[in-house]
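Report on one structure; see the data block that follows.
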Amino acid sequence: MGIKTALPKSELYIYTAVLSLALLWAGSWIIEASSENINRKAVRENVKPGWHYFGRKMDASDFEWVMWFTTFRNHILFALSGHVIFAKICSMVSPKTGVDLFKNRSLIYMLYGSLAVLITMGWTYITLILSHCIILYSVALVKRKWLCFVAGLTSLATFKMEPFNTWQEGFVTGSFDLQDVLFYGGCGFSIMRCMSFALENCEKKDGNYSFIDLIKYNFYLPFFFFGPVMTFDRFHEQANNPNLTRKEREMWNITIHALVHLGAILVVDVFFHFLYILTIPSDLKLLKQLSDWSLAGLAYSNLVYDWVKSAVMFGVINTVSRLDHLDPPQPPKCITMLYVFAETHFDRGINDWLCKYVYDYIGENHDAIFKELLATICTFSVTTLWLGPCELVYIWSFFNCFGLNFELWVAKFFSLPPFSTIERNLMSEAMSRRIRGLFNAVNFWQIILYNVLALNSLGFAQLVTKRLLLKGFPLSTLSVLFVTYCGVQLIKERERRQALLDDPEPVPPPEEGKQKAE
């Protein structure tokens with residue numbers, strides 16, 4: 001089946017209507033559960049006074065969202081704004097001092113970033129980061145990839161496992177609310193950047209990159225604490241590009257993206273006043289009283305929210321980096337648009353890093369079953385270390401590793417006769433798309449259930465699974481799958497239209513008889 005295979009418009013209209021009604025239905029259940037259970041102890045502890053003109057309290061159980069857009073909003077905006085203003089001042093002063101900003105702008109970014117980190121975290125934190133940079137730079141000079149991986153992953157493990165992480169954290173003096181987040185965020189992303197530098201240095205044929213190249217790469221402030229990770233080869237090329245001319249309407253697009261992110265923040269805030277999608281799953285007694293549709297809606301909305309949060313957080317940072325003439329990693333693909341494990345991620349920077357240095361390097365074209373198995377095991381092993389080894393992360397990694405391989409196994413199985421023969425000779429392309437959509441619908445819920453346990457809790461994931469697959473069978477199970485199937489077909493239709501825009505079908509030449517008649 002080709003990606004350009006179309007379905008009748010009337011069929012797509014039915015799918016749209018079914019999906020819209022189902023989302024409204026599930027949403028009404030969640031709103032009702034949020035309103036009726038506001039006085040429960042588990043709910044009351046995780047909500048706070050919200051906007052007064054809504055007359056409702058706000059779900060405040062997500063620390064990251066509160067940190068970014070409430071408690072520390074001004075601090076973060078001040079630091080990022082300072083980065084932009086400092087670079088602008090330097091660009092205005094540089095002609096008078098005789099310093100070519102175009103050739104040294106990455107050095108200017110490094111100076112501001114280092115100064116901001118020093119003021120925020122102290123000289124002991126800077127010293128700790130630099131010590132790891134020096135160790136990994138020394139290893140990079142050997143130009144052995146396996147040694148770079150061993151050294152890099154060992155350094156990363158010292159920030160993810162006891163007692164090494166507590167011992168290193170003890171070097172940082174002072175105490176403030178954001179310290180833990182900044183400490184582990186800055187250290188973790190620094191190690192990933194150092195590993196990227198070391199691996200790219202192994203690929204460099206003539207000589208080595210300098211230590212100052214590593215420092216300029218690591219201490220670029222917008223990426224330092226919260227990511228995303230931009231691989232060294234891309235950063236080095238773009239940060240040292242003397243051509244700073246912008247594309248047509250580029251500033252307009254940057255402004256529009258910034259306004260879209262601001263709108264998304266406001267929409268999420270409004271939703272948090274009516275849909276307590278993060279607080280309700282923490283009360284298992286309440287969950288057992290909810291309908292199957294409510295549980296399905298909660299599981300789905302938790303993943304959508306996490307995508308929105310990642311898109312907004314990285315979008316704010318990316319807006320600043322685009323002002324610096326960089327092309328940062330894009331926000332993650334919307335979870336609603338995903339029905340295959342191969343495209344599932346919540347941090348495109350880490351995903352690109354893993355794909356380049358582990359997954360694609362080992363799996364190559366991803367057609368061989370055993371190579372793919374080895375590639376996914378290695379990829380999720382690194383991911384487990386990055387997230388922090390614990391029981392929940394082990395379970396999450398196992399199921400996602402299994403899902404990625406199971407996709408390949410199923411594709412290989414159905415590519416064999418007689419299935420391939422039946423699809424090619426006895427089945428229309430439209431029917432093939434419908435059958436594939438059924439499998440994709442099942443896969444979509446595997447993605448949700450495998451990832452919601454990491455985003456929320458193992459108990460919530462188990463309860464949703466039991467209700468949808470066992471207690472709710474067959475009515476709830478089949479109805480949810482049918483709604484998901486409708487959504488998958490609409491996603492496929494969007495992909496079809498995009499494929500036609502990217503690769504238009506050739507216009508057939510006019511018939512010979514018509515040409516003569518003219």
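The values are calculated or read from the model by the stated rules, or taken from the named source; none is laboratory data. The structure displayed is predicted, hence computed values, not measured ones. Neighbour counts are summed over all protein chains in view; Cβ atoms, including those assigned to glycine, are modelled from backbone coordinates with ideal geometry. All accessible areas refer to the heavy atoms of the entire protein, side chains included, with ligands and DNA or RNA removed. Shrake-Rupley method; radii C 1.70, N 1.55, O 1.52, S 1.80 Å.
Brief remarks on what is shown
- Gain on full stretching of the segment that runs from S10 to N241 - 0.36 nm per residue minus C-alpha separation: 78.0 nm
- When each of K88/K309; K4/K492; K371/K492; K309/K356 is checked by Cα-Cα distance, pairs over 19 Å: K88/K309; K371/K492; K309/K356
- When the chain is described by a simple charge dipole with +1 on each Lys and Arg Cβ and -1 on each Asp and Glu Cβ, the residue from S294, T384, V18 located farthest towards its positive end is S294.
- Sites L416 and I134 - FRET efficiency at Förster radius 35 Å, r taken between beta-carbons, to 0.05: 0.05
- Paramagnetic reach from L475 in region 286-305 [backbone N under 19 Å; point 7 Å along Cα→Cβ]: 288-297
- For region 134-187, the orientation-averaged shadow of the C-alpha convex hull comes to 4.2 nm² (one quarter of the hull surface).
- Between L438 and R144, the modelled labels are 5.5 nm apart [label points 7 Å from Cα along Cα→Cβ].
- Given R0 = 45 Å, the distance between the Cβ atoms of E64 and D206 translates into a calculated FRET efficiency of 0.55.
- Estimated inter-spin distance, A430 and V260, nm [label 7 Å along Cα→Cβ]: 3.3 nm
- Residue-count net charge about G170 - beta-carbon cut-off 15 Å; Lys, Arg +1, Asp, Glu -1: -3
- Backbone amide hydrogens, once placed in the peptide plane, bring V47 within less than 5 Å of A60, excluding anything fewer than 5 places away on its chain.
- Accessible surface of the chain [probe 1.4 Å, protein heavy atoms]: carbon and sulfur percent: 66 percent
- Rough spin-label spacing in nm, given labels placed 7 Å along Cα→Cβ, for T336 and L111: 4.7 nm
- Centroid-to-centroid separation of region 342-373 and region 284-328 [C-alpha atoms, Å]: 23 Å
- Each Lys and Arg adds +1 at its Cβ and each Asp and Glu adds -1 at its Cβ; summed about the Cα centre, the chain shows a dipole of about 400 debye.
- Within straight-line reach of K288, meaning a Cα separation under 24 Å, sit the following lysines at least 8 residues removed in sequence or on another chain: K41, K57, K466, K471.
- Å² per residue, accessible surface of the chain at 1.4 Å: 52 Å²
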